[in-house]
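Everything on this sheet refers to the single structure shown next.
The values are calculated or read from the model by the stated rules, or taken from the named source; none is laboratory data. Bear in mind that the values here come from a model prediction, so they are computed numbers and not experimental data. Here the Cβ positions follow ideal geometry from the backbone for every residue, glycine too, while neighbour counts run over all protein chains shown. Surface areas here come from the heavy atoms of the whole protein model, side chains and all, with no ligands, DNA or RNA. Shrake-Rupley method; radii C 1.70, N 1.55, O 1.52, S 1.80 Å.
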Amino acid sequence: MRAPLTYYRHINLANATFDELEQLTQACEPTYFDVIKKAKTKKVKMNGPGKMDSGSFSPLLVPVQTNLMKIIRDYHFEGDKSRQTLKIELRELNVYSTHFHSSLSTFEAQQTLRSLTHVGKGSFSKLRAEALPNKNMLGSLVIIFPTPHEGGVMSLKSRAGHKRSFDPSPETSEPDITHIPSIGYVVLFKDVEHEVAPITSGHRVTLTYGLYAEDDASDRPIPTEEQQVSESISLLANQPAFHDAFAALLENREFLAEGGMLAFGLMHNYSIRNDFNPVYGALKGSDAAVYRTLRALGFDPVLRMYYHEWEPDSVSKTLYGHAAVFDKVVDFSDWRWQEQPEYIDVAEFVTWTHGRFVRRDDLQEDEEFDPFEGDEEVVWVTPVTTFNRKESVFSSPNERFTLTNVAYGDLCLFVGIGKAGERLSYPKVAQYASEDDEDDDEEEESQGSED
Amino acid sequence: MEGTNPTRTQQLIIPLRESIIDKPPYISGTLQLPASCFSLFYRTTEDGPDARFEDPEFLGHRA
């Protein structure tokens with residue numbers, strides 16, 4: 001007796017017919033689980049999803065070639081984790097269906113199966129948390145194809161109390177005007193409990209991948225193309241929470257009653273040249289969530305270099321507890337520094353280069369703190385980070401020797417908030433440069449007219 | 001900005017800070033992909049339960 005022939009069948013999950021999906025379902029291994037019913041006295045076997053191990057199928061979808069990598073990286077690898085790399089491994093295919101094995105041709109087979117399972121009841125999955133056996137394992141990625149189905153809503157719950165229900169089918173079942181098909185995706189990190197509600201019709205086809213983190217010792221620069229795709233990613237996961245918190249804060253008349261400046265340390269590393277414009281479109285994860293929300297609410301957040309650390313410390317003496325903010329990376333060696341008997345005058349340089357003085361919150365209580373006219377108080381929502389630090393080395397000669405100094409600047413996001421009741425009326429930070437330019441133009445014009 | 005109470009401001013800003021830092025441990029969304037990404041090949045055998053779908057008689061019976 002010869003062994004049955006093995007062959008591969010193809011299915012297009014963007015427009016598969018009911019029979020094609022049913023055929024895929026029948027090729028899966030059935031799964032069952034016990035549910036205890038009726039006052040914990042009766043155990044009932046219920047349909048889990050059909051399952052196929054990764055060795056039995058081959059999708060043409062390769063997550064590393066899509067924006068999914070970027071979405072996951074940008075969300076999870078923030079701050080100190082930004083140097084880690086993400087690995088994705090295909091684990092299994094699942095089909096949730098109401099017809100699982102219900103079309104068996106023989107009555108006997110149907111009866112046998114009926115005794116085991118509730119044929120015709122939609123398959124679902126019980127509430128469970130992802131087991132992470134490997135310390136490098138971050139969680140899992142579930143891709144939901146746009147196959148016609150009803151039910152199968154996924155519920156997510158974290159230990160910290162975050163909750164979400166997700167059903168991509170209203171968005172993915174009808175391709176938009178571009179006719180480009182879509183998938184739904186869910187990324188589950190540590191300790192997320194999740195379950196899938198019973199399917200009531202059709203087939204819900206999913207692929208599950210394992211996600212792993214690996215340390216990247218290389219000091220690789222961020223590829224330009226990696227920076228450019230951020231804008232194409234729709235709503236970011238913590239955007240709604242930030243929007244609601246910020247909107248509530250604006251309503252509170254106690255908060256910055258006279259207006260003020262908010263600042264955010266960036267959570268990601270970017271390729272920075274002298275012009276920050278390319279960075280706006282490349283903002284990732286929490287940085288993008290903050291920037292987009294502020295823009296959506298009518299504010300004008302801007303990226304600025306925040307110079308607040310100096311070597312030696314005495315360089316900042318003339319700043320009297322202030323930091324300097326610039327709309328560009330500053331080359332401090334451009335200035336003809338002259339060592340004074342006791343110090344060099346950084347404040348004069350900041351004024352000359354159209355920088356702004358902001359009060360350093362860590363020095364406002366300092367004895368040496370002395371407010372400048374026109375300086376600004378900044379409220380740091382998230383602390384300054386050094387992921388985008390630029391240093392500028394400059395020397396300051398005096399009569400006897402030459403001192404080498406270093407100015408350290410960090411790229412941060414700033415936004416001006418108007419006083420209570422007029423929150424959008426704060427002079428926009430972005431206007432500073434243009435105002436300065438206008439001042440220069442006016443000076444030039446007046447000089448020209450004098451000539 | 002005179003009269004701003006730094007301590008009170010820091011208190012008020014906590015929920016805003018937490019909304020950025022205290023992220024849910026999951027992400028979900030939809031993503032458009034090229035049509036080729038929806039192709040899937042799967043292994044089957046000639047006598048598996050799915051093989052019946054190759055049989056016109058079986059398909060006719062279902063209809």
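Assess whether A:H149 counts as being at pLDDT below 75, of a type outside the set (F, W, Y) and open to solvent by less than 40 Å² (accessible area, probe 1.4 Å). So A:H149 does not fit the description; no.
For the range A:17-33, a tally of residues being acidic (D, E) and surrounded by 18 or more Cβ atoms within 10 Å (Cβ to Cβ) returns 2.
Picking from residues in the range A:186-195 that are surrounded by fewer than 22 Cβ atoms within 10 Å (Cβ to Cβ) and within 7 Å of another protein chain (Cβ to nearest Cβ), the one that is farthest from the chain's Cα centre (by Cα) is A:D191.
Of the residues making up the range A:53-83, those that are assigned to a helix (DSSP H, G or I), facing chain B (nearest Cβ under 9 Å) and within 19 Å of A:A289 (Cα to Cα) are A:L68, A:I71, A:I72, A:Y75, A:H76. Looking at the range A:292-315, which of the residues that are open to solvent by less than 10 Å² (accessible area, probe 1.4 Å), modelled with pLDDT of 90 or more and in a helix (DSSP H, G or I) is farthest from A:I417 (Cα to Cα)? Ranking the candidates gives A:T293 first. Looking across the range A:1-35, just one residue is in a loop (DSSP other than H, G, I, E, B), facing chain B (nearest Cβ under 10 Å), in contact (Cβ under 8 Å) with a residue 12 or more places away in the chain and over 18 Å from A:P59 (Cα atoms), and that is A:P30.
I'd like to verify a number: residues in the range B:12-61 that are more than 30 Å from A:T66 (Cβ to Cβ), at the interface with chain A (Cβ under 7 Å from one of its Cβ atoms) and modelled with pLDDT of 85 or more, how many? Summing the residues that are more than 30 Å from A:T66 (Cβ to Cβ), at the interface with chain A (Cβ under 7 Å from one of its Cβ atoms) and modelled with pLDDT of 85 or more in the range B:12-61 gives 5. Of the set (1) without any contact (Cβ under 8 Å) to a residue 24 or more places away in the chain; (2) within 20 Å of A:E377 (Cα to Cα), all apply to A:D300 but (1).
Within the range A:399-407, does at least one residue satisfy the condition of being under 24 Å from B:P15 (Cβ atoms) and modelled with pLDDT of 80 or more? There is no residue in the range A:399-407 that is under 24 Å from B:P15 (Cβ atoms) and modelled with pLDDT of 80 or more.
Take the conditions (1) part of a loop (DSSP other than H, G, I, E, B); (2) of a type in the set (D, E, K, R); (3) modelled with pLDDT of 85 or more; A:D362 misses just one of them, which is (3).
Of the residues screened, A:I183 is one that is part of a strand (DSSP E or B) and either surrounded by fewer than 15 Cβ atoms within 10 Å (Cβ to Cβ) or modelled with pLDDT of 85 or more (or both). Within the range B:4-11, does at least one residue satisfy the condition of being in a helix (DSSP H, G or I), more than 7 Å from every other protein chain (Cβ to nearest Cβ), at pLDDT below 90 and loosely packed, with under 13 Cβ neighbours inside 10 Å? The answer is yes; a qualifying residue exists.
Scanning the range A:151-184 for residues that are among the charged types (D, E, K, R) and under 27 Å from A:L90 (Cβ atoms) yields a total of 4. Within the range A:141-173, being more than 10 Å from chain B (Cβ to nearest Cβ) and of a type in the set (G, A, S) holds for A:G151, A:G152, A:S155, A:S173.
Consider the range A:380-423 and keep the residues that are of a type in the set (F, W, Y) and touching a residue at least 60 places away in the same chain (Cβ under 8 Å). The one that is surrounded by the fewest Cβ atoms within 10 Å (Cβ to Cβ) is A:Y408. If you filter the range A:261-291 down to residues that are touching a helix residue (DSSP H, G or I) at 6+ places or on another chain (Cβ under 8 Å) and at the interface with chain B (Cβ under 10 Å from one of its Cβ atoms), you find that the one that is most open to solvent (accessible area, probe 1.4 Å) is A:M267.
Within the range A:84-100, track down each residue that is more than 11 Å from every other protein chain (Cβ to nearest Cβ) and open to solvent by 50 Å² or more (accessible area, probe 1.4 Å). Answer for the range A:84-100, where residues must be more than 11 Å from every other protein chain (Cβ to nearest Cβ) and open to solvent by 50 Å² or more (accessible area, probe 1.4 Å): A:K87, A:E89, A:L90, A:R91.
Take the range A:316-336 and flag every residue that is surrounded by fewer than 22 Cβ atoms within 10 Å (Cβ to Cβ) and modelled with pLDDT under 85. Correct list: A:K317, A:T318, A:Y320, A:G321, A:D334, A:W335, A:R336.
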